[in-house]
Amino acid sequence: MGEWVDRIAEPWGTRTPYGRHQPWPARQDMHLAEGVRPDDVERWVQTASILHSDGDAIDIAVRGGAMVGVRGRVVDRVNRGRLGPKDAFGWQANASPDRLTRPLVREGGRLVETDWDTAMDLVASRSRALLRERGPGSIGFYTSGQLFLEEYYTLAVLARAGIGTNHLDGNTRLCTSTAAEALKESFGCDGQPGSYDDIDHADVIALFGHNIAETQPVQWMRILDRLDGADPPRLICVDPRPTRVARRAAVHLAPRGGTNVALFNALLHEIVRTGRVDRDYVEAHTVGFDELAKTVAPCTPEWAAGICDVPAAKIREAAELLGTADRLLSTVLQGVYQSHQATAAAVQINNLHLLRGMLGRPGAGVLQMNGQPTAQNTRECGADGDLPGFRNWENDAHVADLAKVWNVDPATIPHYAPPTHAMQMFRYAEQGSLRMLWISGTNPAVSLPELSRIRSVLTRERLFTVVQDLFLTETAQLADVVLPAATWGEKTGTFTNADRTVHLSDKAVEPPGEAKPDLDIFLDYTRRMDFRDKDGGPLVTWHDPESAFEAWKRCSAGRPCDYTGLSYGKLRGASGIQWPCNAQAPEGTDRLYGDGVTWAHPDACETYGKDLVTGASVSVVEYRSLNPDGKAVIKAAEYLPPHEEPGGDHPFQLTTGRTLYHFHTRTKTGRAPQLDAAAPDVWVEISAADAAAQGLGEGDLVDVTSPRGSLRGRLRVTGIRPGLLFVPFHYGYWDTPAGSGPDAATPGRAANETTVTDWDPVSKQPLFKTATAAVTLVEKADGRPSAAPTTTASAPASSPASSPAIPATEGGPAAHVHEVPEPDSHNSSGGAR
């Protein structure tokens, strides 16, 4: 029963069409190692995907103490049994022979193996010395979007109440901080209003800078199934590239980089001009409409067309769809978040939903998406620049409440200034005030902008760097201490996806060698540092994942992200559950704000807000005056041009982004054979018109140069908008002879050699979409096409002259996934068994 599908060649599998307001049919996808049959599997162990933010629920197949495959969990609300390519094949990286198995310390300029006591004593002794000599501000923590909730919470407690530092942030600063900030600006508090289930009910789905086909492929399967069913939705796509979404859209807008605010203001102008505002909703639930109406009044489609290079008629067409939708679902991601007016733009999408009263009902919602699998948990737990439980660092009552949970004096918790964001932490390290940086589960030597600068920071003699990871990444190679960490499938914990669904991930196999779960490493550190509460008892009272989860429940009680109704027992064997889950909502909460906005009151809100143009903080007095009753805030923003404009020696705009087959800096997906083969090396995308003008063609080797640096890759000629170059950001140096960065024999390969040290003034998210660059020929094609996949937005332009003899991206028998429509849910209802 079922069929085998090459899920590299057909990443989204076969269709299971369904109509509007009907449940999404289940389909179970399964991939097992070669030679392993389902009957050979000894145990199926419950988990969820760790390679994107979708939260696809998975069972791990275990045989002989090793992972031998995966299958989708049919009972789960998120994916109904389906797997994306990274879900199906990414698990193989866990068994890579180059996993770190013992701690390393730097001796005589080289990293050498040691034991855990030696490594952790070194970290603890350096911490104590810095606290004694330079104070808590000399120590910082830079974490990930890939650990578990229990680990982030423990890290937040030890950093904020143990060390007492304000310097704790995650690499989620690069991908999700604008989502959090936009939600806080509009609704007073973080928390995703919408639900994936809204896809089943919407008649219009607008995707703003969100290539969902490649970033959350399983939800794209869901949209594709709706498109093939009765009463399909109409899609609006805002993206400068010819994505799969764009090809299926009723309206595709491809604006010039950095002009989103102009485009969105024109859409709002049309909504107001045509009388599509839900006046009753606006009156009952919002403040700020008059200011918005005044701001967008001059923002006609013709005005925006001159800025965005999008036809005014297309803008009107999109506004007509948005304004007449019965149920509108909007999704937002990096095309909006990684620009100079990121938060201002994301807030205008919230404004669209507030003006139209499109919140809190099936099909009517907004999804300010995340990029990484556990990004939501960094925000909830206070590991990304906010206080745990969405508490307001400027509200003394919130700080006192948190201090009570931790049994510490409120003064112990730093709240004299905003928690330090990642870009500022690296600046402090560069300037010398930050002397120890503990990096867990991330790879800034590839992922941060302007890499030559980042490498110079990480290699400074005065900076003591600790790296906790699975592999000897580009960053780990520069560290003073390297701690081998366990990963997904090798440890137990929970994590929460982009629509607030909490999943339990059980341990399936032992980690390699002496590698330890991140939670165990943090607990070991707290013991060695002997952190105490105000009564002299241990600051951290938990000892394993489940007791850490129970501690987090106490911290989340009564907060927007209330977990008190959840338990490991409730999550084991069943579907994931959306928070808040408590006595009032024991089965979770599918949508927020169905009864109006509830966390924007001045006494309850997570922030008093910021000026969308300057980033300046709004005072509590100003906020109380603006919003005394705690309604949603409609915030206007004027368009400002990008900080860099093409011209002179750098005539192109340069944008970076993801591809379907890889995740983050490719440390895991580059070690999964099917995924690596689908996109094995960096490439550069250029439009057919620009390629012709420059005398360039498919497969030509080119240098892309910006004022910061350069990279080298082979050219792919696509339907991308003219004037724009695209480079995937995944590729670094760990699989090159150079190791950690370019050298005399290895040219630049990482996209971030070229990007700029600059960030959105509100969310502090770096700019990866609006650099300027030049492209120059190194050598003509030698018969090899670029490494870009043909199945994605990187597909070659349709003109045969511009894409000769480019082989289709396929995976062959090794990439076959078994798809079973209408599966027996009992095959995937148990946890570990």
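The values are calculated or read from the model by the stated rules, or taken from the named source; none is laboratory data. As the structure is a prediction and not an experimental result, all values here were calculated from the model. We place every Cβ from the backbone using ideal geometry, glycine too, and count neighbours over all the protein chains shown. Just the protein is used for accessible areas: all its heavy atoms, side chains included, with ligands, DNA and RNA removed. Shrake-Rupley method; radii C 1.70, N 1.55, O 1.52, S 1.80 Å.
A few notes on this one:
- Between R128 and K780, full extension at 0.36 nm per residue minus the direct alpha carbon distance yields a gain of 229.0 nm.
- Percent carbon-and-sulfur accessible area, the stretch 106-243, ignoring ligands, DNA and RNA, probe 1.4 Å: 45 percent
- For the pair M1 and S96, a Förster radius of 22 Å applied to the C-beta separation gives a FRET efficiency near 0.05, rounded to the nearest 0.05.
- Ranked by the mean number of other Cβ atoms within 10 Å of their residues, highest first, the peptides 590-602, 361-373, 178-190 come out as 178-190, 361-373, 590-602.
- Shape analysis of the stretch 675-819 places it in the rounded category; the axes a ≥ b ≥ c from the Cα gyration tensor give an a/c below 1.5.
- Cα-projected label distance for Q431 with D681, points at 7 Å along beta-carbon direction, nm: 4.2 nm
- Percent accessible area from carbon and sulfur atoms, the stretch 610-696, protein chains only, probe 1.4 Å: 53 percent
- Simple label model, 7 Å out from Cα along Cβ direction - A250 to S617, nm: 4.5 nm
- Per residue, the chain exposes 31 Å² of accessible surface when a 1.4 Å probe is rolled over the protein heavy atoms with every protein chain present.
- For the stretch 476-523, the spread of Cα positions along the three principal axes, ordered from largest to smallest, is 38, 23, 20 Å.
- The Cα center of the stretch 376-400 and the Cα center of the stretch 538-580 differ in position by 16 Å.
- Percent of Cα pairs exceeding the 19 Å cut-off, where the set is the stretch 95-163: 54 percent
- Rg [Å, one decimal], Dmax [Å, integer] - the stretch 167-231, C-alpha atoms: 14.8, 52
- Per-residue ellipticity at 222 nm from helix content only, as computed over the chain with -39500 (n - 2.57) for each DSSP H run of at least four residues, stands at -7500 deg cm²/dmol.
- Efficiency of FRET between D629 and D595 - r from beta-carbon atoms, R0 22 angstrom, step 0.05: 0.95
- Cα gyration tensor category, rounded, prolate or oblate, for the stretch 361-475 with a/c compared to 1.5: oblate
- For the chain, share of DSSP beta bridges that run antiparallel, in % to the nearest 5: 55 percent
- Taking the protein heavy atoms of the stretch 709-810 in the context of the full set of protein chains, the accessible area attributed to carbon and sulfur is 55 percent at 1.4 Å.
- Protection-proxy order for peptides 658-666, 289-297, each taking the mean of Cβ atoms within 10 Å per residue, highest first: 658-666, 289-297
- Shape of the stretch 23-136 from the C-alpha gyration tensor: prolate (a/c of 1.5 or more and a/b above b/c, with a ≥ b ≥ c the square roots of its eigenvalues).
- On the beta carbon distance between R106 and D326, with R0 = 41 Å, the FRET formula returns roughly 0.10.
- Value of Rg/Rh across the stretch 492-637 [Cα atoms, Kirkwood radius]: 1.06
- Each Lys and Arg contributes +1 and each Asp and Glu -1, all at the Cβ; summed about the Cα centre of the chain, the dipole is approximately 340 debye.
- Charge dipole (Cα centre; +1 on Lys/Arg Cβ, -1 on Asp/Glu Cβ; no other charges) of the stretch 1-130 amounts to roughly 480 debye.
- Here the label points at R572 and A814, each 7 Å from Cα along the C-beta direction, are separated by 3.7 nm in the simple model.
- Pairwise inverse Cα distances across the stretch 109-212, averaged and inverted, put the Kirkwood hydrodynamic radius at 17.6 Å.
- Here the peptides 38-50, 250-262, 72-84 are ranked by packing, the mean other Cβ count within 10 Å, and the order with the highest first is 72-84, 250-262, 38-50.
- Across the chain, counting alpha-carbon atoms alone, Rg and Dmax equal 25.1, 76 Å.
- Volume per residue that the Cα convex hull of the stretch 278-355 spans, once the total is divided by residue count, Å³: 113 Å³
- Principal axis box of the stretch 179-273, alpha-carbon based, largest edge first, Å: 35, 30, 29
- E317 sits among other residues whose Cβ lies under 15 Å from its own Cβ, and their net charge, with Lys and Arg +1 and Asp and Glu -1, is +2.
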